[in-house]
Amino acid sequence: MLPIKIIKNRSDIGAGTRGSDMGIDAIEIAAINADNNYFTRYPYVELDTDNETVYNKVKTSFAKRITHVAEQCQRVSEAVKEALEQKYFPVVLSGDHSSALGTLSGVKAHHWDKRMGVIWIDAHADLHSPYTSPSGNVHGMPLAAALGEDNTELQINEVAEDTEIQWNKLKNTGTAGPKVLPADLIFFGVRDTEEPEDKLRERLNIKNYPVHEIRYRGLETCLQEAIEQLSECDVLYISFDVDSMDCDLVSKGTGTPVSKGFDPEEVKQIITNLMDTDKVVCLEVTEVNPLLDHKGNKMAETAFEILHAVTGSKA
């Protein structure tokens, strides 16, 4: 594994609930309280944000603040690409999940001639577009953008022209066109979706390993299958949304908590086994929201425990 570079992306403008912009600080506090020097051990970059735009009136209700999300994704993409060019392993800490489109676009921009696999550890599929989203929150859209999918077959919203322009800009972040093939995208833990996402996932035959299947068939078996499916990929990107974990077991310190998720040890095992392929070139941790944590700083502490376990001894 290459030396780590931490990319701190405090943007939370793609979420429906404010507070995930404080997630990085909460994770750093967790490290300090654990007497761990993780965040002084590695170089880092702090990205500019447009978080102040949450005070602006929302004009594009089917893709809220999409102009600024597109700008943020471009910042993230450039930072990830630069880190990879400098021979670092980017660890991206993000506020909300919309910026993941920027992260995987940065990986693709650097590895433009290689086949990229994406492992999405999340309670949500994030396969909405402005045409299908019931909330208009862009953190539910990064994978649709990465796949270049509008999913207009299941359209429920009449989208304004300026929103379409920004959506197309988002889809072309980093490199023009789709970043990943449906066969090279694998979900772990997705269990809270809407019909347009389910139909799109079914049409594209995107594999999901829900928690109940993993526990019934065995995590090792499912991981071996996933790694085999991604065997033709040259590089892998892992996106870990903390809401993939069981909110009743861990914490509700995330924007959209969902019950019946993974426990922390399962997440560690998933990420560690994938890292052992030596194909993973970037890891993202996202959606820690300390303002919603009913157990003090438990979600950030758990996120840091996992982050340190899977990267702390390998750089």
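The values are calculated or read from the model by the stated rules, or taken from the named source; none is laboratory data. In this text, all values refer to a predicted model and were calculated from it rather than measured experimentally. Don't worry about glycine lacking a Cβ; one is built from the backbone with ideal geometry, like all the others, and counts go over all protein chains shown.
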**Fill in**
Picking from E164, E149, the residue that is in contact (Cβ under 8 Å) with a residue 24 or more places away in the chain and outside any helix (DSSP H, G or I) would be E149
**Item:** Residues that are among the charged types (D, E, K, R) and crowded, with 20+ Cβ neighbours inside 10 Å, drawn from segment 151-181
**Value:** K171, K179
**Output for segment 5-61, where each listed residue is at pLDDT 95 or above, in a helix (DSSP H, G or I) and among the polar types (S, T, N, Q)** = S20, N33, T40
**Message:** Just to verify a result, which residue in segment 175-222, among those that are over 16 Å from M141 (Cβ atoms), part of a loop (DSSP other than H, G, I, E, B) and in contact (Cβ under 8 Å) with a residue 60 or more places away in the chain, is nearest to the chain's Cα centre (by Cα)?
**Reply:** G189
**Item:** Leading residue by the ranking (surrounded by the fewest Cβ atoms within 10 Å (Cβ to Cβ)) among those in segment 37-87 that are among the polar types (S, T, N, Q) and farther than 29 Å from A309 by Cβ
**Value:** N56
**Request:** Kindly indicate which of A109, A83 is hydrophobic (A, V, I, L, M, F, W, C) and under 16 Å from K8 (Cβ atoms).
**Result:** A83
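Okay, residues lined up against (1) more than 30 Å from I165 (Cα to Cα); (2) of a type outside the set (G, A, S); (3) touching a residue at least 40 places away in the same chain (Cβ under 8 Å):
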{"residue": "S11", "(1), (2), (3)": "no, no, yes"}
{"residue": "G16", "(1), (2), (3)": "no, no, yes"}
{"residue": "A30", "(1), (2), (3)": "yes, no, yes"}
{"residue": "N36", "(1), (2), (3)": "yes, yes, yes"}
{"residue": "K57", "(1), (2), (3)": "no, yes, no"}
{"residue": "I66", "(1), (2), (3)": "no, yes, yes"}
{"residue": "E71", "(1), (2), (3)": "no, yes, no"}
{"residue": "V80", "(1), (2), (3)": "no, yes, yes"}
**Asked** Residues of segment 270-290 being assigned to a loop (DSSP other than H, G, I, E, B) and surrounded by fewer than 24 Cβ atoms within 10 Å (Cβ to Cβ), which ones?
**Response** D276, T277, D278, K279
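Each row is one residue, and each column tells you yes or no for (1) in contact with a Pro (Cβ under 7 Å, 6 or more places away or on another chain); (2) buried (at least 18 other Cβ atoms within 10 Å of the Cβ); (3) free of Cβ contacts under 8 Å to residues at least 60 places away in the same chain.
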{"site": "I238", "(1), (2), (3)": "no, yes, no"}
{"site": "D241", "(1), (2), (3)": "no, yes, no"}
{"site": "D246", "(1), (2), (3)": "no, yes, yes"}
{"site": "T256", "(1), (2), (3)": "no, yes, no"}
{"site": "G261", "(1), (2), (3)": "no, yes, no"}
{"site": "K268", "(1), (2), (3)": "no, no, yes"}
**Message:** Go through segment 95-120 and report how many residues are assigned to a strand (DSSP E or B), closer than 23 Å to I27 by Cβ and either over 8 Å from the mean Cα position of the chain (by Cα) or without any contact (Cβ under 8 Å) to a residue 40 or more places away in the chain (or both).
**Reply:** 2
